[in-house]
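The structure appears right after this line, and notes come after that.
The numbers here are math on the coordinates, done by the rules we state, and not lab data. The shown structure was predicted, so the numbers you read here are calculated from the model rather than taken from an experiment. So basically every Cβ, Gly included, is an ideal-geometry build from the backbone, and we count neighbours across all protein chains shown.
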Amino acid sequence: MKERLVSKLGMTHPGELFRRRYLERHNISVQDAATKLNIRRESLTRFLNGNAPVSKELASKLETLTHVSANFWISWQNDYDRQQIKQTRQQDVEA
């Protein structure tokens, strides 16, 4: 069963999960992680800040770096997206 990091508003973006569970835990800088992932630092920053989703390519690179399956990252992104849609619909109904 996959672990859920949940904020007061709901599920955490996968970029935040990666930041907390990998970068902070292993004291790795964004630049070092970007180099290891072979992506631009700016692209990684957008992901970490929740402004970019996990693509199939990024999920594969995260799997190589973290030894956590690409399917986990894609699934987490899908769950996050569904939760965001649900929140938006609920806000629309309440408005």
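Counting other beta carbons within 10 Å of each Cβ, put Y80, Y22 in order, fewest first.
With the fewest neighbours first, Y80, Y22 line up as Y22, Y80.
Just to confirm a number: summing +1 for Lys and Arg and -1 for Asp and Glu over residues other than A33 whose beta-carbon lies under 15 angstrom from that of A33, what do you get?
For residues surrounding A33, the net value is +4.
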